[in-house]
Structure formats: structure tokens, C-alpha cells
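In what follows, a single structure is set out as C-alpha cells and then discussed.
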Amino acid sequence: MNKKKNYSLLAATVLVGSLALTSCSAGSGGTSPEGSAGNDSVTVALTGEPVNLDFTTTAGAAIPQALMSNVYEGLVEIDQEGKIQPLLAESWELSNGNKTYTFKLREGATFSNGEAFTADDVKFSIERVKSDAWVSSLKKKMEIVDSVEVLSDSEVAITLKQPSNAWLFDMGTLVGAMFDPSGVDELASTAIGTGPYEIEAWNRGQSIEFATRDDYWGEKPQVENVSLRYFADAVATTNALQSGDVDVVYNMQSPELLSSFESNDKFQVLEGTSNGEIILSMNNKKAPFDDNRVRQAVMYAIDRQAVVDTAWNGYGTVVGGPVPTTDPYYEDLNDIYPHDPEKAKALLKEAGAENLQITFKVPTRPYATAVSEIVVSQLADVGINAKIESSEFPAVWLDEVFTKHDYQMSVVLAVESRDVLAMFNNPDYYLGYDNSDIKDLAAKADASDEAGYVEGMKKVVRTIVDDAAADTLFIFPNIVVAKSDVTGIPANSVTEALDMTNIGWK
């Protein structure tokens, strides 16, 4: 049973696929054969702990993975099929040349501190994203908003600067989270939202404990308590599952460990969709990658299918560009840069960049470690000698690479929904890509009709790939391993959020 009732949808739905970054979680509860705390709790194992609880000022997917859909909600949400569904807004209408959205808000919704959710909170939340209070680069998705007008406590009109194909979908992600004005002073340590859970305890370095809200406006979650437990690596999560200490390992980070679960009827293995891209990042503003011939050489040097087969046991999809197969403007771009070491060597010679010595900052994540080893080997074959420098994730990597742009090459799992423009249409983003060739194309596509949007975005993506702005190695799979009697696990990772409200027991 879905926790939300079915309400009429007055706008066209949009298909998408996405993935929630970080890793997965471990805990114990339920009615497993080994015995556990009962059917009123579930423990999920993850490997990437949030550094704090404030996704408005802190990058990375660990925070929204834990909090979105569970503590924070938006006017709309993205379901498991990637469609836009009503949430805090029960309906909406478009007018003014498709620039004004008038939302009718749900009656009776409250924040966990007891404050009523009203149109004033919508205005506050959207305007806050546009203010200096938000520093996350994702705030650019709200720049298209021209004004927010409170019509009544339960009705709000949001006018865009121009029609947008992307904006309503974005409102179902973390930039659309609704906040209470009195609950934003301590966001790093306190989360106050309209969602079905509130945080009962945060044990730094270990777990986040969630308890259901008795006054939640919607249907009650399947279990009373959920624990997200954080482990150092994937082996620790699977050991915890085998010992009965946790019930679910979500977004499993070591597919080579699956064999011990696939033939055991005490467990279930789910392989869902994801739009998380494994991005081989090249700093476009720092030598030698400020020369696009060097970046193109890297693209030709990497055998992406071999990376998937060697580093991730064949799990994952090779696409050739920074767009997952579930996005409406996806197309297979693998032919643009086929594996061609000789072409790579020729480009390096043309650029005067033979026998390169570079530093490869690799975050301490299982996928990054596995991928970096094969990438270094393939680069060496064309004369690029990459020295791996381990970077503790998330704190050090986010500070050095993402924030300070102090790197030459890196690799990371980018999981935000429809993030191609967030990554490449901002020259101040850590990739440092000069967006002058795509800025106008992207704006025209967003303001066009649906067909024009798809064709326009395909041109944008092709331009990015032609420029070799970054190498999308593969689309990350969403692998879940759980006890066989756990139900309601979201197999697909469609946004950053891990929605825990339907997880329960047979």
C-alpha cells in the first residue's frame, strides 16, 4: 500500500530516472528467521554518513537520501516510475502562457514542531532557495522563478520568468523541500519537516534513528521506527545482514558479494534502475585538462565497458554521455568516443602533452576505488601516468575537490535528478566547464514545447560530449539485498531520497 492517497493530477507527468548518492545502510528489526526486535522496526545499512543534516549548505547525497520524503516533503514528489505526483499540493493549474502555477495546498498538514503548513511556508521556502541562505549549487534550478504570491492559506501562485519543462520536476527534488521559518536556524543538527518521520536520535558515526509522527497528515508508514546505520565499507554491511544485525542493504557497493545471497532463500536481491552517473571528472580550468584535446584523449583511452566488467562485475549501463536511459532526452552516444588508444596518443602528441604526469584524487568509496584501478591502467597505455591520491569522503573530497576545485582528475557518483545542467551549465561548478556553447541552447530547450525540449537537450548533451567535458563511465545500478520477508523496498532510485515509508514485513 502506498502511504499517499491517489489524488487527481492536473498537469502532465514527466518520466525520469535518478539515483540517490552515497551508499546504503544496515540495522536490525522485523521478523527475520534469526529473531529480531519485532515487526515495528526496520534497520537499513548504508556506507556514506551525512556530515550534518543541512543539504542547503552541504553538498552530497547522504543528507537528502536520509531526510527527503521521510522528514522533508515538497509540493510534489517523483514516484518509482519517475512520474510527478501531488504531495503537499493536492492539485495545480497552469496559466499565463504556461508561466504561472497555482497550487491548491493540502489541508491539515503540519510540521513536526506543530506549526501548520500554509502558503506562507511555500513562499518562504522558495525565496530562501534563491537567497544567500542556500549555497548548494542546485539552487540554480530555482533561478527561473520570478515571483511567489500567497493567495490564501491554502493557495499559492508561482510565476516563472519563462515557461519551463524542467521546473515542476525539480520541485520534487531537494530544492523543492518545504521548511518552517522557525525551524531553519539549526538545520545542521535539527530537521523539522512535514514528513511522516522525525529524527529521534542521531548517533554520529553510527546511525540516524527515525520515529513515526502521530500527527502526520497522510497514511502512517508501515513500521513505527526505522534506523539508518552507517558502515565503513560494503563488506561490513553484508556481514551485518548475514548476522541478522540489519534487515536491508540498500544500494549495495560491492556486487562481487552478491553470490552468497542469490542462492539463499533467506534473502532477496533486487536490481533497480538508477540515473546516477559514474563521472570521471577532469578539471577543465586546470592543466593539462584545460586543453580539450587532452580531455578527448582520455575519452578515447578509456574502455568504458571494460571498466564496468572489471570494476563492477558487469553491473551498470554504458551510455557514452551524462544522461541515464530513463531521461526523455537520452540517446546512446557511445560511438562518439569508441575505445581507440592510438587516437588518444595522436591527440596527446598534437597537444604537446605526451608522457603526462597527473594526480588522480579518488574518494574513499568502494565504486571509486574499484574504478580508479582500471582507469589508471588504461591511461598508462596511452602515456598518461596517473598517481592515485586517496581523499576521505565525504568531508575531505567535498572540501578539496567539490568546493575548492583543487584537483586535476577525480571520479564520483553523481546522483541528483536530471543533473546534466547542474554539472555543465555552470562554469563555477567543480568541473569548470565553459558553458558558453550550451547556455542559450539549454534556455531555448527549457522554454520550448515537449518535443522542442527533448531535441534541444539532445543538442546540449551532444555539445558537452563533443567538448569532452567529462567522461561518463557508466550508469550506476541500484542493487538492494534484504531479508526475504522485508516488503515495500524502493528498488528504483529515482531521486536523491530513500523513501522508507512503505518498507515493512510480510
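The values are calculated or read from the model by the stated rules, or taken from the named source; none is laboratory data. Note that the structure is predicted; figures quoted are calculated from it, not measured. Methodologically, a virtual Cβ is constructed for each residue, glycine included, from the backbone with ideal geometry; neighbour enumeration extends over all protein chains shown. Note: areas computed on protein heavy atoms with side chains; ligands, DNA, RNA excluded. Shrake-Rupley method; radii C 1.70, N 1.55, O 1.52, S 1.80 Å.
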(request) Considering only the stretch 28-45, state which residues are open to solvent by less than 10 Å² (accessible area, probe 1.4 Å) and at pLDDT 95 or above. (result) Val42, Thr43, Val44, Ala45
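Let's see how each residue does on (1) touching a residue at least 12 places away in the same chain (Cβ under 8 Å); (2) open to solvent by 20 Å² or more (accessible area, probe 1.4 Å); (3) over 18 Å from Gly276 (Cα atoms); (4) part of a loop (DSSP other than H, G, I, E, B):
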| position | (1), (2), (3), (4) |
| --- | --- |
| Tyr433 | yes, no, yes, yes |
| Ser436 | no, yes, yes, no |
| Leu441 | yes, yes, yes, no |
| Lys459 | yes, yes, yes, no |
| Val480 | yes, no, no, no |
| Asn502 | yes, yes, yes, yes |
(request) Give the residues of the stretch 147-161 that are of a type in the set (Gly, Ala, Ser) and either more than 30 Å from Gly452 (Cα to Cα) or in contact (Cβ under 8 Å) with a residue 40 or more places away in the chain (or both), sorted by residue number. (result) Ser152, Ser154, Ala157
(request) Could you identify the single residue in Asp467, Asp446 that is touching a helix residue (DSSP H, G or I) at 6+ places or on another chain (Cβ under 7 Å), open to solvent by 20 Å² or more (accessible area, probe 1.4 Å), among the acidic types (Asp, Glu) and closer than 24 Å to Val401 by Cα? (result) Asp467
(request) Could you list, in sequence order, all residues of the stretch 45-68 that are part of a strand (DSSP E or B) and farther than 21 Å from Ala368 by Cβ? (result) Met68
(message) Condition check: surrounded by fewer than 24 Cβ atoms within 10 Å (Cβ to Cβ) and either at pLDDT 95 or above or assigned to a loop (DSSP other than H, G, I, E, B) (or both). Does Val412 satisfy that?
(response) no
(message) Quick check on my filter: what residues within the stretch 47-74 are hydrophobic (A, V, I, L, M, F, W, C), at pLDDT 90 or above and within 25 Å of Met423 (Cα to Cα)?
(response) Val51, Leu53, Phe55, Ala62, Ile63, Ala66, Leu67, Met68
(message) Looking only at residues that are in a strand (DSSP E or B) and open to solvent by less than 40 Å² (accessible area, probe 1.4 Å) in the stretch 243-271, which one is farthest from Glu496 (Cα to Cα)?
(response) Phe267
(request) Take the residues in the stretch 197-220 that are part of a loop (DSSP other than H, G, I, E, B) and farther than 20 Å from Ser91 by Cα, then tell me which one is least open to solvent (accessible area, probe 1.4 Å). (result) Arg213
(request) Would you confirm whether any residue within the stretch 291-305 is touching a Lys or Arg at 6+ places or on another chain (Cβ under 9 Å), among the aromatic types (Phe, Trp, Tyr) and closer than 30 Å to Asn355 by Cα? (result) yes
(request) Please work out which one of (1) crowded, with 17+ Cβ neighbours inside 10 Å; (2) more than 25 Å from the chain's Cα centre (by Cα) is the condition Asn283 fails and give its number. (result) (2)
(request) Could you please find all residues in the stretch 78-109 being open to solvent by less than 50 Å² (accessible area, probe 1.4 Å), at pLDDT 95 or above and more than 30 Å from Asp214 (Cβ to Cβ)? (result) Thr100, Tyr101, Thr102
(request) For Ala236, state whether it is in contact (Cβ under 8 Å) with a residue 24 or more places away in the chain and either assigned to a strand (DSSP E or B) or over 20 Å from Ala61 (Cα atoms) (or both). (result) yes
(request) Identify the residue in the stretch 300-350 that is basic (Lys, Arg) and out of contact with any strand residue (DSSP E or B) (no Cβ under 8 Å at 6 or more places or on another chain) and, among all such residues, is most open to solvent (accessible area, probe 1.4 Å). (result) Lys349
(message) Exactly one condition in (1) more than 28 Å from Glu209 (Cα to Cα); (2) open to solvent by less than 30 Å² (accessible area, probe 1.4 Å); (3) without any contact (Cβ under 8 Å) to a residue 40 or more places away in the chain is false for Ile63; which is it?
(response) (1)
(request) Mind listing just one residue for me: the one in the stretch 162-189 that is of a type in the set (Gly, Ala, Ser) and more than 23 Å from Ser448 (Cα to Cα) and, of those, surrounded by the most Cβ atoms within 10 Å (Cβ to Cβ)? (result) Ala177
(request) Return the residue satisfying two criteria in turn: it lies in the stretch 351-395 and is surrounded by fewer than 17 Cβ atoms within 10 Å (Cβ to Cβ), within 29 Å of Ala61 (Cα to Cα) and among the aliphatic types (A, V, I, L, M), and of such residues it is nearest to the chain's Cα centre (by Cα). (result) Ala395
